[in-house]
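The values are calculated or read from the model by the stated rules, or taken from the named source; none is laboratory data. The structure presented is a predicted model; accordingly, all values stated were derived computationally and were not measured. Methodologically, a virtual Cβ is constructed for each residue, glycine included, from the backbone with ideal geometry; neighbour enumeration extends over all protein chains shown.
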Amino acid sequence: MLLAVIIFSSAFLGSLIGLGGGFLMVPLLSILLGLPIHEAIGLSLISIVGVSTSASLNYVVEGNVDFKLGSTLEIASVLGAIIGANIALYLSSKILFIAFGAILIYIGVVMYRGGSRGRAEVMPDIGRVRMLNGFTASFVAGFLSGLLGIGGGILKVPIMTLYLGVPMKIAIGTSEYMIAITSFTGSFIYLNAGKISIQYLGSAFLSSVLGAQLGSKVSLKTESHLLRKIFAVVMTVFASIMIGKGVSM
Amino acid sequence: MSIYNSTLSQYILSPIYLIYLPSVMLLFIALHNQYIKRDILGLIAVISLFVLILFNILYGGVI
């Protein structure tokens, strides 16, 4: 029951600011619920599958998903997720806690500064060099997703808007499509390794879908600017707890 | 439950795989979209993605 509440809340809060919620789920599941971090990461990935597919289907209907760009970049991202998840299985909990704390600091800084927004209005003609840069960056985003159980939207949207000059709406929609596939892939590694308890699967997925649906509806009526700054402070607190826990292990 | 010892029908009917149906749906929508647009490079990208993910499902990863 507490697991469903945590996942629902994380999905809801993440959706309020346009993210998957993995950066909230992993700390809450591992610290509050005391789940082993590998299991927390696996459950987070499954929950992100729910969050991002329900969000991206909305973007598909609006026509804001560039499947060609998303699928091309996603090849690199999926490869990164497979490698990242496999490596995570061999890493100790200590290293994962510290690494997660470090990524939370990065996410907190990006949130506080408001992220970088491209100014493109139409889809550009993306040349080979830029595509190669995008490919490399997507590999890194996928790797971190598989390693730490985050969706990667905080990385994938800037990759598309800044490296590739994609308009923001299309970048967000395409990123949601990509995150669903990346998380879907990474979670299989954890499932196959027996790191996820089957009894939690159904409630994790359903809670995340419901939380994301409610969060996206509420986000239309809220000022995301202030929310992001509040989240940034919360992320810093979580980061220090995660790093502290890792160091003390 | 290990997927390595399961038959194909068990793959399809297992709740674990049913949970992932929305993501699989997205890939099918992408495939349909690329096919309709007759964008060969996009079609190759989506099919490559399918193959990569199928490989991951069947063999549990490449490492």
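A few comments on the model shown:
- Residue that is within 18 Å of residue A:25 (Cβ to Cβ), within 12 Å of chain B (Cβ to nearest Cβ) and either without any contact (Cβ under 8 Å) to a residue 24 or more places away in the chain or in contact with a Gly (Cβ under 7 Å, 6 or more places away or on another chain) (or both), where the choices are A:182, A:174: A:182
- Out of A:105, A:150, one residue alone is assigned to a loop (DSSP other than H, G, I, E, B), under 24 Å from residue A:11 (Cβ atoms) and among the β-branched types (Val, Ile, Thr). It is A:150.
- Boolean, residue A:97 is in contact with a Lys or Arg (Cβ under 9 Å, 6 or more places away or on another chain), within 11 Å of chain B (Cβ to nearest Cβ) and either buried (at least 20 other Cβ atoms within 10 Å of the Cβ) or under 15 Å from residue A:235 (Cβ atoms) (or both): no
- Per the conditions (1) among the aliphatic types (A, V, I, L, M); (2) surrounded by fewer than 24 Cβ atoms within 10 Å (Cβ to Cβ); (3) under 17 Å from the mean Cα position of the chain (by Cα), the sole criterion not satisfied by residue A:191 is (3).
- The one condition in (1) under 26 Å from residue A:192 (Cβ atoms); (2) in contact with a helix residue (DSSP H, G or I) (Cβ under 7 Å, 6 or more places away or on another chain) that residue A:59 fails to fulfil: (1)
- Residue within region A:206-222 that is within 12 Å of chain B (Cβ to nearest Cβ), over 17 Å from the mean Cα position of the chain (by Cα) and at pLDDT 85 or above present: yes
- Selection within region A:108-123 - surrounded by 12 or more Cβ atoms within 10 Å (Cβ to Cβ), in a loop (DSSP other than H, G, I, E, B) and at pLDDT 65 or above: A:114, A:123
- Selection within region A:58-98 - touching a residue at least 12 places away in the same chain (Cβ under 8 Å) and among the aromatic types (Phe, Trp, Tyr): A:59, A:67, A:97
- Residue list for region A:23-78, restricted to those being crowded, with 24+ Cβ neighbours inside 10 Å, of a type in the set (A, V, I, L, M) and farther than 27 Å from residue A:131 by Cβ: A:24, A:25, A:26, A:29, A:37, A:40, A:41, A:43, A:46, A:51
- Identity of the residue in region B:22-60, outside any helix (DSSP H, G or I) and at the interface with chain A (Cβ under 7 Å from one of its Cβ atoms), that ends up modelled with the lowest pLDDT: B:60
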